[in-house]
Amino acid sequence: MPEENKIDSLLRRRGFIWQSSEIYGSLSGFYDYGHLGTLMKRKFENLWRSYFLGSDKNFFEISTSTIMPEEVFKASGHLDHFTDPVVKCKKCGFVERADQLLERQLHEKFEGLDKGELSHLIKKHNVKCPKCGGDLGEIEEINLMFPVDIGPYSKIRGYLRPETAQSSYLNFLREFNSLRKKLPMGLAIIGKAFRNEISPRQGVYRMREFTQAELQVFFDPEKINEAPSWEKIKDYKLRLTPVSSRDEVIEIACEEASTKLGLPRYYLYFMTLIQKFYVEILRVDKNKIRFFELSEEERAFYNKIHWDLEVNIEGFNGFGEIAGLHYRTDHDLKSHQNLSGKSQEVFHKGKRFIPHVIEVTFGVDRNIYALLELSCHKRDDKVVLSLPPKLAPFDCAVFPLVNKDGLDEKAEEIYNELRKYFNCFYDGSGSIGRRYARQDEIGTPLCITIDYDTMKDDTVTVRDRDTTKQVRVEIKDLKDKISEFLEES
Ligand SMILES: [Zn+2]
(Lines give C-alpha, C1' and ligand atoms only; values in the text may rest on other atoms or scores of the structure.)
Protein backbone atom coordinates (compact mmCIF):
# COMPACT_ATOMS: atom_id res chain seq x y z
CA MET A 1 0.00 0.00 0.00
CA PRO A 2 1.54 3.31 -1.04
CA GLU A 3 2.04 5.83 1.74
CA GLU A 4 1.02 8.87 -0.28
CA ASN A 5 -1.96 8.69 -2.62
CA LYS A 6 -3.38 11.17 -5.08
CA ILE A 7 -5.98 12.51 -2.70
CA ASP A 8 -3.86 12.66 0.47
CA SER A 9 -2.56 16.15 -0.22
CA LEU A 10 -6.06 17.41 -1.04
CA LEU A 11 -7.36 15.95 2.24
CA ARG A 12 -4.60 17.72 4.16
CA ARG A 13 -4.79 21.01 2.29
CA ARG A 14 -8.55 21.44 2.50
CA GLY A 15 -9.16 20.31 6.08
CA PHE A 16 -10.33 16.69 5.95
CA ILE A 17 -7.72 14.48 7.60
CA TRP A 18 -4.00 14.44 8.42
CA GLN A 19 -1.52 12.88 10.81
CA SER A 20 -1.88 14.12 14.36
CA SER A 21 0.79 16.01 16.34
CA GLU A 22 2.36 17.20 13.08
CA ILE A 23 4.62 19.88 14.58
CA TYR A 24 6.31 17.18 16.68
CA GLY A 25 6.88 14.95 13.70
CA SER A 26 3.67 12.87 14.10
CA LEU A 27 3.29 9.40 15.56
CA SER A 28 2.50 6.67 13.03
CA GLY A 29 -1.04 5.42 13.18
CA PHE A 30 -2.71 8.52 14.62
CA TYR A 31 -4.85 10.93 12.61
CA ASP A 32 -6.85 14.10 13.22
CA TYR A 33 -9.97 15.17 11.38
CA GLY A 34 -10.12 18.82 10.36
CA HIS A 35 -13.31 20.86 10.07
CA LEU A 36 -14.48 19.23 6.82
CA GLY A 37 -13.46 15.72 7.87
CA THR A 38 -15.36 16.12 11.13
CA LEU A 39 -18.54 17.23 9.36
CA MET A 40 -18.32 14.32 6.93
CA LYS A 41 -17.52 11.77 9.65
CA ARG A 42 -20.53 12.91 11.66
CA LYS A 43 -22.75 12.60 8.58
CA PHE A 44 -21.44 9.12 7.84
CA GLU A 45 -22.07 8.02 11.43
CA ASN A 46 -25.59 9.45 11.35
CA LEU A 47 -26.38 7.69 8.07
CA TRP A 48 -25.06 4.42 9.52
CA ARG A 49 -27.16 4.98 12.65
CA SER A 50 -30.41 5.72 10.90
CA TYR A 51 -29.92 2.89 8.39
CA PHE A 52 -28.88 0.02 10.65
CA LEU A 53 -30.81 0.98 13.79
CA GLY A 54 -33.79 1.79 11.60
CA SER A 55 -33.73 -1.72 10.14
CA ASP A 56 -35.26 -3.32 13.26
CA LYS A 57 -37.49 -2.01 16.06
CA ASN A 58 -35.38 -3.85 18.62
CA PHE A 59 -31.97 -2.39 17.65
CA PHE A 60 -30.56 0.36 19.89
CA GLU A 61 -27.40 2.36 20.44
CA ILE A 62 -25.41 2.45 23.67
CA SER A 63 -22.41 4.54 24.69
CA THR A 64 -19.73 2.90 26.82
CA SER A 65 -16.27 3.43 28.30
CA THR A 66 -13.11 2.77 26.29
CA ILE A 67 -11.02 1.47 29.23
CA MET A 68 -11.98 -1.94 30.54
CA PRO A 69 -10.52 -4.29 33.17
CA GLU A 70 -8.15 -7.10 32.24
CA GLU A 71 -10.75 -9.82 32.98
CA VAL A 72 -12.83 -8.68 29.99
CA PHE A 73 -10.02 -9.49 27.60
CA LYS A 74 -9.01 -12.64 29.43
CA ALA A 75 -12.54 -13.91 28.80
CA SER A 76 -12.78 -12.64 25.22
CA GLY A 77 -9.47 -14.25 24.29
CA HIS A 78 -7.75 -10.98 23.35
CA LEU A 79 -5.14 -11.31 26.10
CA ASP A 80 -3.90 -14.64 24.72
CA HIS A 81 -4.75 -14.45 21.05
CA PHE A 82 -4.82 -10.82 19.91
CA THR A 83 -1.20 -10.90 18.79
CA ASP A 84 0.88 -10.29 15.71
CA PRO A 85 3.97 -12.28 14.73
CA VAL A 86 6.98 -9.98 14.88
CA VAL A 87 10.59 -10.37 13.73
CA LYS A 88 13.51 -8.28 14.89
CA CYS A 89 16.82 -7.81 13.06
CA LYS A 90 19.68 -9.17 15.19
CA LYS A 91 22.06 -6.54 13.83
CA CYS A 92 20.23 -3.18 13.65
CA GLY A 93 17.12 -3.87 15.76
CA PHE A 94 14.62 -3.16 12.95
CA VAL A 95 11.19 -4.57 13.85
CA GLU A 96 8.39 -5.59 11.51
CA ARG A 97 5.36 -7.86 11.34
CA ALA A 98 6.64 -11.14 9.93
CA ASP A 99 3.72 -11.58 7.53
CA GLN A 100 4.09 -8.04 6.17
CA LEU A 101 7.84 -8.41 5.75
CA LEU A 102 7.29 -11.57 3.71
CA GLU A 103 4.47 -9.92 1.79
CA ARG A 104 6.72 -7.05 0.73
CA GLN A 105 9.60 -9.29 -0.26
CA LEU A 106 7.72 -12.17 -1.88
CA HIS A 107 4.66 -10.23 -3.16
CA GLU A 108 2.14 -12.70 -1.79
CA LYS A 109 -0.38 -12.51 1.06
CA PHE A 110 0.54 -14.27 4.28
CA GLU A 111 -1.91 -12.89 6.83
CA GLY A 112 -3.20 -15.54 9.21
CA LEU A 113 -0.23 -17.93 8.96
CA ASP A 114 1.07 -19.09 12.32
CA LYS A 115 4.50 -18.57 13.85
CA GLY A 116 5.86 -21.90 12.63
CA GLU A 117 4.72 -21.40 9.03
CA LEU A 118 6.14 -17.87 8.90
CA SER A 119 9.51 -18.99 10.39
CA HIS A 120 9.64 -21.74 7.81
CA LEU A 121 9.05 -19.24 4.96
CA ILE A 122 11.72 -16.85 6.27
CA LYS A 123 14.28 -19.66 6.37
CA LYS A 124 13.19 -21.16 3.05
CA HIS A 125 13.48 -17.86 1.16
CA ASN A 126 16.49 -16.72 3.19
CA VAL A 127 14.74 -13.44 4.02
CA LYS A 128 17.05 -10.80 5.54
CA CYS A 129 16.54 -7.45 7.24
CA PRO A 130 15.24 -4.94 4.66
CA LYS A 131 17.19 -2.13 6.33
CA CYS A 132 20.72 -3.58 6.78
CA GLY A 133 20.64 -7.07 5.31
CA GLY A 134 21.34 -8.60 8.72
CA ASP A 135 19.97 -11.89 10.05
CA LEU A 136 16.49 -11.97 11.55
CA GLY A 137 15.79 -13.37 15.02
CA GLU A 138 13.05 -15.80 16.06
CA ILE A 139 9.43 -14.73 15.55
CA GLU A 140 7.73 -13.41 18.69
CA GLU A 141 3.99 -13.03 19.31
CA ILE A 142 3.34 -9.46 20.47
CA ASN A 143 0.00 -8.44 22.00
CA LEU A 144 -1.65 -5.51 20.23
CA MET A 145 -3.62 -4.05 23.13
CA PHE A 146 -2.66 -0.80 24.87
CA PRO A 147 -2.29 -1.54 28.59
CA VAL A 148 -3.39 1.14 31.05
CA ASP A 149 -2.60 1.48 34.75
CA ILE A 150 -5.82 2.55 36.41
CA GLY A 151 -5.54 4.77 39.50
CA PRO A 152 -2.31 6.61 40.43
CA TYR A 153 -1.51 4.27 43.36
CA SER A 154 -3.56 1.11 43.05
CA LYS A 155 -2.36 0.34 39.51
CA ILE A 156 -5.19 -1.91 38.46
CA ARG A 157 -4.38 -3.32 35.03
CA GLY A 158 -6.81 -2.34 32.32
CA TYR A 159 -6.71 -1.98 28.54
CA LEU A 160 -7.98 0.43 25.95
CA ARG A 161 -10.61 -1.65 24.15
CA PRO A 162 -9.36 -3.19 20.87
CA GLU A 163 -12.96 -3.39 19.58
CA THR A 164 -16.21 -1.82 20.76
CA ALA A 165 -17.96 -5.21 20.69
CA GLN A 166 -17.04 -6.34 24.21
CA SER A 167 -18.99 -3.43 25.75
CA SER A 168 -22.16 -4.67 24.05
CA TYR A 169 -21.64 -8.18 25.41
CA LEU A 170 -21.09 -6.89 28.96
CA ASN A 171 -24.24 -4.79 28.74
CA PHE A 172 -26.36 -7.40 26.97
CA LEU A 173 -28.27 -8.82 29.91
CA ARG A 174 -29.00 -5.46 31.51
CA GLU A 175 -30.38 -4.16 28.20
CA PHE A 176 -32.31 -7.36 27.52
CA ASN A 177 -34.05 -6.98 30.87
CA SER A 178 -34.68 -3.26 30.60
CA LEU A 179 -36.00 -3.54 27.05
CA ARG A 180 -38.75 -5.95 26.07
CA LYS A 181 -36.95 -9.25 26.81
CA LYS A 182 -37.24 -9.95 23.12
CA LEU A 183 -34.86 -11.48 20.56
CA PRO A 184 -33.34 -10.63 18.17
CA MET A 185 -31.98 -7.61 20.01
CA GLY A 186 -29.29 -5.34 18.59
CA LEU A 187 -26.83 -3.16 20.46
CA ALA A 188 -24.78 -0.69 18.45
CA ILE A 189 -21.77 1.34 19.49
CA ILE A 190 -20.01 4.03 17.49
CA GLY A 191 -16.78 4.78 19.26
CA LYS A 192 -13.03 4.59 19.50
CA ALA A 193 -11.00 1.41 19.56
CA PHE A 194 -7.24 1.05 19.95
CA ARG A 195 -4.68 -1.35 18.53
CA ASN A 196 -0.98 -0.98 19.14
CA GLU A 197 0.00 -1.90 15.58
CA ILE A 198 3.63 -2.93 15.14
CA SER A 199 4.50 -0.77 12.16
CA PRO A 200 1.52 1.14 10.78
CA ARG A 201 2.70 2.48 7.42
CA GLN A 202 -0.53 2.23 5.50
CA GLY A 203 -2.16 5.59 6.19
CA VAL A 204 -5.70 5.43 7.55
CA TYR A 205 -5.91 1.73 6.63
CA ARG A 206 -4.02 0.74 9.76
CA MET A 207 -4.50 3.18 12.59
CA ARG A 208 -3.63 2.76 16.25
CA GLU A 209 -6.64 4.79 17.38
CA PHE A 210 -9.69 4.51 15.17
CA THR A 211 -13.47 4.73 15.13
CA GLN A 212 -15.67 1.68 14.78
CA ALA A 213 -19.38 1.50 14.10
CA GLU A 214 -20.46 -1.92 15.32
CA LEU A 215 -23.80 -3.63 15.74
CA GLN A 216 -24.07 -6.81 17.80
CA VAL A 217 -27.25 -8.75 17.09
CA PHE A 218 -28.26 -11.27 19.77
CA PHE A 219 -30.57 -14.01 18.55
CA ASP A 220 -31.90 -17.50 19.15
CA PRO A 221 -29.50 -19.88 17.31
CA GLU A 222 -32.43 -22.10 16.31
CA LYS A 223 -33.73 -19.19 14.21
CA ILE A 224 -30.57 -18.62 12.19
CA ASN A 225 -32.27 -19.86 9.05
CA GLU A 226 -35.10 -17.39 9.36
CA ALA A 227 -34.72 -13.94 7.81
CA PRO A 228 -37.16 -11.05 8.03
CA SER A 229 -38.88 -10.53 4.68
CA TRP A 230 -36.96 -13.36 2.97
CA GLU A 231 -39.35 -13.23 0.02
CA LYS A 232 -38.20 -9.69 -0.69
CA ILE A 233 -34.47 -10.40 -0.55
CA LYS A 234 -34.16 -13.96 -1.85
CA ASP A 235 -33.57 -12.79 -5.45
CA TYR A 236 -31.21 -9.97 -4.46
CA LYS A 237 -27.79 -10.58 -5.97
CA LEU A 238 -24.77 -10.44 -3.68
CA ARG A 239 -21.23 -9.93 -4.97
CA LEU A 240 -19.19 -12.70 -3.41
CA THR A 241 -15.63 -14.02 -3.48
CA PRO A 242 -15.85 -17.32 -1.62
CA VAL A 243 -12.76 -19.22 -0.44
CA SER A 244 -13.40 -21.71 -3.26
CA SER A 245 -12.87 -19.08 -5.99
CA ARG A 246 -10.50 -16.42 -4.77
CA ASP A 247 -9.78 -14.93 -8.20
CA GLU A 248 -13.27 -13.84 -9.11
CA VAL A 249 -16.37 -12.09 -7.92
CA ILE A 250 -19.55 -14.06 -8.46
CA GLU A 251 -22.98 -12.44 -8.46
CA ILE A 252 -25.32 -14.80 -6.74
CA ALA A 253 -28.89 -14.47 -5.43
CA CYS A 254 -29.46 -14.93 -1.70
CA GLU A 255 -31.55 -18.04 -2.35
CA GLU A 256 -28.71 -19.66 -4.27
CA ALA A 257 -26.11 -18.56 -1.72
CA SER A 258 -28.18 -20.27 0.93
CA THR A 259 -28.48 -23.58 -0.91
CA LYS A 260 -25.12 -23.69 -2.73
CA LEU A 261 -22.81 -22.03 -0.19
CA GLY A 262 -24.75 -23.12 2.88
CA LEU A 263 -24.99 -19.60 4.28
CA PRO A 264 -27.77 -19.19 6.86
CA ARG A 265 -30.65 -16.94 5.87
CA TYR A 266 -30.23 -14.57 8.81
CA TYR A 267 -26.58 -14.09 7.84
CA LEU A 268 -27.60 -13.44 4.21
CA TYR A 269 -30.13 -10.91 5.44
CA PHE A 270 -27.29 -8.86 6.93
CA MET A 271 -25.10 -9.30 3.86
CA THR A 272 -27.95 -7.82 1.83
CA LEU A 273 -28.40 -5.00 4.31
CA ILE A 274 -24.68 -4.12 4.11
CA GLN A 275 -24.42 -4.31 0.32
CA LYS A 276 -27.54 -2.16 -0.06
CA PHE A 277 -26.07 0.38 2.35
CA TYR A 278 -23.10 0.81 0.02
CA VAL A 279 -24.97 0.72 -3.27
CA GLU A 280 -28.20 2.53 -2.41
CA ILE A 281 -27.29 4.88 0.44
CA LEU A 282 -23.60 5.65 -0.14
CA ARG A 283 -24.00 5.36 -3.94
CA VAL A 284 -20.88 3.26 -4.42
CA ASP A 285 -20.57 1.58 -7.84
CA LYS A 286 -21.31 -2.08 -7.07
CA ASN A 287 -18.39 -3.17 -9.23
CA LYS A 288 -16.07 -1.54 -6.70
CA ILE A 289 -17.18 -3.74 -3.81
CA ARG A 290 -17.34 -7.42 -2.91
CA PHE A 291 -17.79 -9.72 0.05
CA PHE A 292 -14.58 -11.67 0.64
CA GLU A 293 -14.78 -14.90 2.61
CA LEU A 294 -12.07 -15.69 5.14
CA SER A 295 -10.91 -19.27 5.44
CA GLU A 296 -10.79 -21.15 8.72
CA GLU A 297 -7.07 -20.30 9.10
CA GLU A 298 -7.61 -16.61 8.35
CA ARG A 299 -10.56 -15.86 10.58
CA ALA A 300 -10.49 -15.45 14.37
CA PHE A 301 -11.07 -18.74 16.17
CA TYR A 302 -14.42 -17.57 17.54
CA ASN A 303 -15.87 -16.62 14.16
CA LYS A 304 -17.81 -19.45 12.60
CA ILE A 305 -18.62 -17.46 9.46
CA HIS A 306 -16.62 -14.40 8.40
CA TRP A 307 -16.96 -12.35 5.22
CA ASP A 308 -15.41 -8.91 4.85
CA LEU A 309 -16.89 -6.17 2.71
CA GLU A 310 -14.00 -4.93 0.59
CA VAL A 311 -13.67 -1.90 -1.65
CA ASN A 312 -11.32 -1.60 -4.59
CA ILE A 313 -9.40 1.69 -4.49
CA GLU A 314 -5.95 2.91 -5.37
CA GLY A 315 -5.29 4.04 -1.78
CA PHE A 316 -5.69 0.44 -0.58
CA ASN A 317 -3.71 -0.90 -3.54
CA GLY A 318 -6.68 -2.98 -4.70
CA PHE A 319 -9.38 -4.52 -2.55
CA GLY A 320 -9.22 -3.59 1.13
CA GLU A 321 -11.55 -4.41 4.03
CA ILE A 322 -13.87 -1.63 5.24
CA ALA A 323 -16.59 -3.63 6.97
CA GLY A 324 -17.16 -7.16 8.18
CA LEU A 325 -19.91 -9.60 9.07
CA HIS A 326 -19.04 -12.13 11.74
CA TYR A 327 -21.05 -14.98 13.17
CA ARG A 328 -19.45 -15.10 16.64
CA THR A 329 -21.77 -17.81 18.02
CA ASP A 330 -22.11 -17.71 21.82
CA HIS A 331 -18.34 -17.46 22.28
CA ASP A 332 -18.24 -14.07 24.02
CA LEU A 333 -21.31 -14.37 26.26
CA LYS A 334 -20.33 -17.89 27.28
CA SER A 335 -16.74 -16.88 28.06
CA HIS A 336 -17.92 -13.94 30.15
CA GLN A 337 -20.36 -16.23 31.97
CA ASN A 338 -17.56 -18.69 32.73
CA LEU A 339 -15.06 -16.12 34.01
CA SER A 340 -17.46 -13.83 35.88
CA GLY A 341 -19.62 -16.61 37.27
CA LYS A 342 -22.69 -14.57 36.25
CA SER A 343 -25.22 -16.38 34.10
CA GLN A 344 -25.73 -14.83 30.66
CA GLU A 345 -28.70 -17.04 29.81
CA VAL A 346 -32.05 -15.63 28.85
CA PHE A 347 -35.48 -17.13 29.22
CA HIS A 348 -37.13 -16.61 25.86
CA LYS A 349 -40.28 -18.20 24.46
CA GLY A 350 -40.20 -21.08 26.90
CA LYS A 351 -36.50 -21.87 26.51
CA ARG A 352 -33.40 -21.07 28.54
CA PHE A 353 -30.21 -20.47 26.53
CA ILE A 354 -27.28 -18.18 25.77
CA PRO A 355 -28.05 -16.13 22.64
CA HIS A 356 -25.76 -16.25 19.64
CA VAL A 357 -24.31 -13.13 18.04
CA ILE A 358 -23.97 -11.81 14.51
CA GLU A 359 -21.65 -8.82 14.42
CA VAL A 360 -21.88 -6.09 11.79
CA THR A 361 -18.67 -4.05 11.99
CA PHE A 362 -17.52 -0.96 10.10
CA GLY A 363 -14.18 0.85 10.20
CA VAL A 364 -15.41 4.45 10.05
CA ASP A 365 -12.06 6.02 9.07
CA ARG A 366 -11.41 3.53 6.27
CA ASN A 367 -14.93 4.15 4.96
CA ILE A 368 -14.45 7.92 4.98
CA TYR A 369 -11.14 7.58 3.14
CA ALA A 370 -12.54 5.14 0.56
CA LEU A 371 -15.63 7.29 -0.08
CA LEU A 372 -13.43 10.35 -0.58
CA GLU A 373 -11.19 8.57 -3.05
CA LEU A 374 -14.12 7.06 -4.93
CA SER A 375 -15.80 10.43 -5.35
CA CYS A 376 -12.67 12.30 -6.42
CA HIS A 377 -12.39 13.02 -10.15
CA LYS A 378 -11.35 15.79 -12.52
CA ARG A 379 -13.50 18.06 -14.65
CA ASP A 380 -11.72 20.51 -16.96
CA ASP A 381 -8.54 19.78 -15.01
CA LYS A 382 -10.13 20.77 -11.71
CA VAL A 383 -10.88 18.41 -8.84
CA VAL A 384 -14.53 17.65 -8.10
CA LEU A 385 -15.58 15.56 -5.12
CA SER A 386 -18.86 13.98 -6.20
CA LEU A 387 -19.79 12.86 -2.71
CA PRO A 388 -23.38 11.78 -2.18
CA PRO A 389 -24.99 15.05 -0.97
CA LYS A 390 -25.94 13.30 2.28
CA LEU A 391 -22.21 12.87 3.02
CA ALA A 392 -20.85 16.20 1.79
CA PRO A 393 -19.40 18.31 4.64
CA PHE A 394 -21.42 21.36 3.58
CA ASP A 395 -24.94 21.07 2.19
CA CYS A 396 -24.68 24.40 0.42
CA ALA A 397 -22.60 27.56 0.02
CA VAL A 398 -23.80 31.16 -0.30
CA PHE A 399 -22.02 33.82 -2.40
CA PRO A 400 -22.71 37.47 -3.09
CA LEU A 401 -21.83 38.19 -6.74
CA VAL A 402 -19.98 41.32 -5.56
CA ASN A 403 -19.38 42.83 -2.14
CA LYS A 404 -21.26 46.06 -2.80
CA ASP A 405 -24.65 47.63 -3.57
CA GLY A 406 -26.22 45.67 -0.71
CA LEU A 407 -25.58 42.25 -2.33
CA ASP A 408 -23.26 41.20 0.49
CA GLU A 409 -25.80 42.17 3.15
CA LYS A 410 -28.53 40.28 1.33
CA ALA A 411 -26.23 37.25 0.99
CA GLU A 412 -25.44 37.30 4.71
CA GLU A 413 -29.11 37.52 5.53
CA ILE A 414 -29.84 34.43 3.40
CA TYR A 415 -26.80 32.62 4.82
CA ASN A 416 -27.92 33.31 8.41
CA GLU A 417 -31.37 31.96 7.64
CA LEU A 418 -30.13 28.81 5.85
CA ARG A 419 -27.53 27.92 8.48
CA LYS A 420 -30.35 27.32 10.96
CA TYR A 421 -31.26 24.23 8.92
CA PHE A 422 -28.17 23.24 6.92
CA ASN A 423 -24.39 23.03 7.09
CA CYS A 424 -23.84 26.18 5.12
CA PHE A 425 -20.64 27.95 4.03
CA TYR A 426 -20.25 31.65 3.20
CA ASP A 427 -17.67 32.79 0.66
CA GLY A 428 -17.38 36.40 -0.48
CA SER A 429 -13.90 36.45 -1.99
CA GLY A 430 -12.51 35.84 -5.47
CA SER A 431 -14.30 35.41 -8.77
CA ILE A 432 -17.51 33.36 -8.86
CA GLY A 433 -15.70 30.75 -10.98
CA ARG A 434 -13.03 30.32 -8.33
CA ARG A 435 -15.61 30.13 -5.57
CA TYR A 436 -17.47 27.37 -7.46
CA ALA A 437 -14.18 25.51 -7.94
CA ARG A 438 -13.34 25.72 -4.24
CA GLN A 439 -16.73 24.24 -3.34
CA ASP A 440 -16.51 21.53 -6.04
CA GLU A 441 -13.19 20.48 -4.56
CA ILE A 442 -14.76 19.84 -1.14
CA GLY A 443 -17.95 18.32 -2.51
CA THR A 444 -20.54 21.01 -1.69
CA PRO A 445 -23.55 19.93 -3.78
CA LEU A 446 -25.29 23.33 -4.12
CA CYS A 447 -23.99 26.89 -4.52
CA ILE A 448 -26.35 29.83 -4.11
CA THR A 449 -25.46 33.17 -5.70
CA ILE A 450 -27.03 36.50 -4.84
CA ASP A 451 -26.84 38.90 -7.82
CA TYR A 452 -28.42 42.14 -9.02
CA ASP A 453 -31.64 40.36 -10.06
CA THR A 454 -32.01 39.18 -6.46
CA MET A 455 -32.42 42.79 -5.40
CA LYS A 456 -35.24 43.21 -7.94
CA ASP A 457 -37.23 39.97 -7.76
CA ASP A 458 -36.11 38.06 -4.64
CA THR A 459 -34.70 35.14 -6.61
CA VAL A 460 -31.24 33.57 -6.43
CA THR A 461 -29.15 31.29 -8.66
CA VAL A 462 -28.73 27.72 -7.45
CA ARG A 463 -25.95 25.78 -9.12
CA ASP A 464 -25.66 21.99 -9.03
CA ARG A 465 -22.15 20.60 -8.41
CA ASP A 466 -22.49 17.56 -10.65
CA THR A 467 -24.37 18.99 -13.64
CA THR A 468 -23.10 22.61 -13.18
CA LYS A 469 -26.63 23.59 -14.25
CA GLN A 470 -28.03 26.77 -12.74
CA VAL A 471 -31.65 27.50 -11.91
CA ARG A 472 -33.44 30.53 -10.46
CA VAL A 473 -35.22 29.89 -7.18
CA GLU A 474 -37.37 32.25 -5.15
CA ILE A 475 -35.82 33.02 -1.76
CA LYS A 476 -38.98 31.97 0.05
CA ASP A 477 -38.75 28.48 -1.55
CA LEU A 478 -35.02 28.04 -0.95
CA LYS A 479 -35.19 26.08 2.29
CA ASP A 480 -37.76 23.60 0.93
CA LYS A 481 -35.89 23.16 -2.36
CA ILE A 482 -32.62 22.39 -0.60
CA SER A 483 -34.34 19.94 1.78
CA GLU A 484 -36.03 18.22 -1.16
CA PHE A 485 -32.75 17.96 -3.03
CA LEU A 486 -30.92 16.44 -0.04
CA GLU A 487 -33.79 14.06 0.63
CA GLU A 488 -33.93 12.77 -2.93
CA SER A 489 -30.23 12.46 -3.61
ZN1 LIG B 1 18.83 -4.76 10.23
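If a spin label sat at a point 7 angstrom from the Cα of K109 along the line to its beta carbon, the backbone N atoms of segment 317-347 nearer than 16 Å would be those of 317-325.
Here the accessible area of segment 394-488 is 46 percent carbon and sulfur, with a 1.4 angstrom probe and all protein chains present. Starting from a Cα-only point model with no solvent, please compute log10 I(q)/I(0) by Debye for segment 59-191 at q = 0.10, 0.19, 0.20, 0.21 1/Å. For segment 59-191, the Cα-only Debye profile gives -0.52, -1.01, -1.06, -1.11. With only Cα atoms counted, segment 438-489 has Rg and Dmax values of 11.3, 32 Å.
Of S76, S340, S55, which has the most accessible area and how do the rest follow, probe 1.4 Å?
S340, S55, S76
Remark: segment 394-488 carries a charge dipole of roughly 260 debye about the Cα centre, counting +1 on each Lys and Arg Cβ and -1 on each Asp and Glu Cβ.
Given the Cα-Cα distance of I281 and E117 and 0.36 nm per residue of separation, how much length would full extension add, in nm? Spell out each step's value before the answer.
Values: separation 164, 0.36 × 164 = 59.04 nm, distance 4.23 nm.
So the extension gain works out to 54.8 nm.
Please state, as a whole number in µm²/s, the translational diffusion coefficient that the Stokes-Einstein equation yields for segment 394-488 at 20 °C and 1.002 mPa s, with Rh defined as the Kirkwood radius across alpha carbon pairs. Before the final figure, lay out the partial values.
Numbers: Rh = 13.0 Å.
Rounded to a whole number, D works out at 164 µm²/s.
Rounded, prolate or oblate for segment 239-376? Axes are the square roots of the Cα gyration tensor eigenvalues, ordered a ≥ b ≥ c, and the cut-off for rounded is a/c under 1.5. Prolate is the answer for segment 239-376, as a/c is 1.5 or above and a/b outweighs b/c.
Taking the alpha carbon gyration tensor of the chain, what are the square roots of 5 times its eigenvalues, largest first, to the nearest whole Å? Walk me through the numbers on the way to the answer.
Values: eigenvalues 367, 179, 104 Å².
Ellipsoid semi-axes (Å, largest first): 43, 30, 23.
Spacing of the modelled spin labels on S431 and H35, each 7 Å from Cα toward Cβ, amounts to 2.5 nm.
How about K123: which lysines have a C-alpha closer than 29 Å to its C-alpha, ignoring those fewer than 8 places off in the same chain? Correct list for K123: K88, K90, K91, K109, K115, K131.
For K234, the lysines whose Cα comes closer than 30 Å to its Cα, not counting residues fewer than 8 places off in the same chain, are K57, K181, K182, K223, K260, K276, K286, K288, K304, K349, K351, K390. A viscosity of 1.567 mPa s and a temperature of 4 °C, combined with the Kirkwood radius over Cα pairs in Stokes-Einstein, give a translational diffusion coefficient for segment 10-81 of 82 µm²/s.
Please state, to two decimals, what the Cα-based radius of gyration of segment 83-143 comes to when divided by 2.2 N^0.38 Å (N = residues). Show your work: numbers first, answer last.
Details: Rg = 10.3 Å, N = 61, 2.2 N^0.38 = 10.5 Å.
Output field value: 0.98.
On the beta carbon distance between K382 and I150, with R0 = 51 Å, the FRET formula returns roughly 0.45. Here segment 71-86 is scanned for amide nitrogen atoms under 19 Å from the site 7 Å beyond the Cα of E297 along Cα-to-Cβ, giving 83-86. Find which of L333, P388, V364 sits farthest along the positive direction of the dipole of the chain, computed with +1 on the beta-carbon of Lys and Arg, -1 on that of Asp and Glu, about the Cα centre. Highest projection toward the positive end goes to L333.
The values are calculated or read from the model by the stated rules, or taken from the named source; none is laboratory data. Since this is a predicted model, take the numbers as computed values, not measurements. Using ideal geometry, Cβ is built from the backbone for each residue, glycine included, and neighbour counts are taken over all protein chains shown. With ligands, DNA and RNA removed, areas are computed over all heavy atoms of the protein, side chains included. Shrake-Rupley method; radii C 1.70, N 1.55, O 1.52, S 1.80 Å.
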